[in-house]
There are 2 protein chains.
Amino acid sequence: MTTKFEKKLKTRRALMDAALALVSEGKHYSSLSLRVVAKRAGVVPNAFYRHFTGLDELGLALSDEIGLLLRQLMRTARLKGLAADSMIADSVDFYMDNVRESPALFRFMAQSLTGGSPAMRQAIRLELGHFAKEMVMDLNSLRVLSDMSAVDLDMLGHLVITTVSSVTTELLDLPEDRENLVSEIRERTIKQVRLIFIGAGGWDKPSKKKRGKKS
Amino acid sequence: MTTKFEKKLKTRRALMDAALALVSEGKHYSSLSLRVVAKRAGVVPNAFYRHFTGLDELGLALSDEIGLLLRQLMRTARLKGLAADSMIADSVDFYMDNVRESPALFRFMAQSLTGGSPAMRQAIRLELGHFAKEMVMDLNSLRVLSDMSAVDLDMLGHLVITTVSSVTTELLDLPEDRENLVSEIRERTIKQVRLIFIGAGGWDKPSKKKRGKKS
DNA sequence: AACAAGAGTGTACAGCTGTACACAAACAGG
DNA sequence: CCTGTTTGTGTACAGCTGTACACTCTTGTT
């Protein structure tokens, strides 16, 4: 019973890879057509329907894959047990390596975050939020910054994720011939994260100047 | 000679507005078709060519418009001469107000930053970079943070712009019925920028721990 | 060995796509 | 007033789009 089942999964994979390949070549996911995806996957257009009801569903499947990748990334980063003194630099390096290793998925992620269907946007934002949350939990268990309130920790996690993930597109858009800029981006990002944590260290709880105008 | 010329500009505007309207309704710019844009603008498809060679050119025109808007935004913010104590909160408010006032353009900006044609991406990144640069210049002339090096100031500007502009999509994606979340986003963003400036205040020039591995 | 399930194929069609061509109407400058 | 320019129209067409239908295999189950 495995053989046939595996075969099905295989073409399903081929379809997803085809979509990713096209995205990787510069096309936007929302401008793809079922037909060219199918052709790229080496199947006839109609075969597409045996796996997905349409491109939207394929997109959601890819979103799930991103969630998986992010979780995996977080887990192995955790296993590495980074040294405290080089933790920031190592984490940034690790993220950048991952981006450069799965460019298609990250490109899809970046695209869908601002331009996908509402469902896809939400799915990916959820994954990123999850990612931020775990990071904050780690920070907390490491007894760093433990004097921040829960809301402020969330705020911090959100800020770090935003900063790092904004590097994604920048990295993927580097022309092939100017790859030397990678280290420049790396240095800048490390500085940025370090600056953020300096700020977090000097963060004085919601003492003075709380409620501003409430919109 | 004005009449005919103005008329031409008018339909050109109609075409651009039509594209923006479609984007605002949830479609991605790269999935628009010349025909529906023309129809939306109230002209026959062929008339499109009297103004643009294709959708790419229209997109670049819209990018220019974003540049204009950002420059304008920066200028009026400067004229306001914000008070030092509430400067951060006021700036965030000002930006958010602008986003909510021209949602279509900002949506287009957010989309094109990650998903447009290479030319469009570059154009918009350039505008944002310009924006960051001016901000840094302002900070410098205000004699704040004058002990940072030029590179570090760039890094700081980039970080602030990234943080604030990442709010754009979040803001535009709010479901109509949960607009109360706006103030939540506002509070968080203000905190984030404030934290960044705390970090910048505690920033110790490139003293120790400089060169990391060079990729 | 016979059968049912289902993955993939081939054909078909209506609708949309960009764009080429010839034309109409409006306006400018002479 | 008339004549050349230029904006917008109508028609046309070849190519692509999603998807419906009937089909052939291959495979797992009885």
When the dipole is taken about the Cα centre of the range B:62-215, and only Lys, Arg (+1) and Asp, Glu (-1) are charged at their Cβ, what size is it in debye, to the nearest 20? 1080 debye
Within the range B:86-183, DSSP-loop GluC sites (Glu not before Pro) with at most 15 other C-beta atoms within 10 Å are B:179
So the carbon and sulfur contribution to the accessible area of the range B:59-201, 1.4 Å probe, in percent, is 56 percent
7 Å from Cα along Cα→Cβ at both residue A:133 and residue A:182: what's the point-to-point distance in nm? 3.4 nm
How far is helix A:118-141 tilted, in degrees, relative to the longest principal axis of the Cα atoms in chain A, given as a value from 0 to 90 rounded to the nearest 10? 40 degrees
When chain A is modelled as a GNM with alpha-carbon springs shorter than 10 Å, which of A:45, A:103, A:175 fluctuates the most? A:175
Kindly identify the protein assembly as shown as rounded, prolate or oblate by the Cα gyration tensor criterion: order the square roots of the eigenvalues as a ≥ b ≥ c, call it rounded if a/c is under 1.5, otherwise compare a/b with b/c, prolate if a/b is larger, else oblate. oblate
Can you classify the range B:79-205 as rounded, prolate or oblate using the Cα gyration tensor, where a ≥ b ≥ c are the square roots of its eigenvalues, rounded means a/c under 1.5, and otherwise it's prolate if a/b beats b/c and oblate if not? oblate
Output for the range B:116-169: trypsin sites (Lys or Arg not before Pro) sitting in coil per DSSP, at most 16 other Cβ within 10 Å, listed by number, reads B:143
Those GluC sites (Glu not before Pro) in the range A:1-96 that DSSP places in a loop and that have at most 11 other beta carbons within 10 Å: A:25
Alpha-carbon radius of gyration plus Dmax, which is the widest Cα pair, for chain A in Å: 20.2, 67
Would you mind giving the average projected area, over all directions, of the Cα convex hull of the range A:1-52 in nm² with one decimal? 3.5 nm²
Which of A:151, A:37, A:193 moves the most in a Gaussian network model of chain A with Cα springs under 10 Å? A:151
I need the calculated FRET efficiency for the pair residue A:75 and residue A:44, taking r as the beta carbon distance and R₀ as 25 Å, to the nearest 0.05. 0.05
Stokes-Einstein D for the range B:1-107 at 10 °C, 1.306 mPa s, Kirkwood Rh over Cα pairs, in µm²/s? 102 µm²/s
With axes computed from alpha carbons, what is the tilt in degrees of helix B:55-80 against the longest principal axis of chain B, rounded to the nearest 10 within 0 to 90? 40 degrees
Between the helical axis of B:103-115 and the dominant principal axis of chain B, each derived from Cα atoms, what acute angle in degrees is found, rounded to the nearest 10? 80 degrees
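The values are calculated or read from the model by the stated rules, or taken from the named source; none is laboratory data. This is a predicted model, so every value here is computed, not measured. Using ideal geometry, Cβ is built from the backbone for each residue, glycine included, and neighbour counts are taken over all protein chains shown. To get the accessible areas, we keep the full protein, side chains included, count just its heavy atoms, and leave off ligands, DNA and RNA. Shrake-Rupley method; radii C 1.70, N 1.55, O 1.52, S 1.80 Å.
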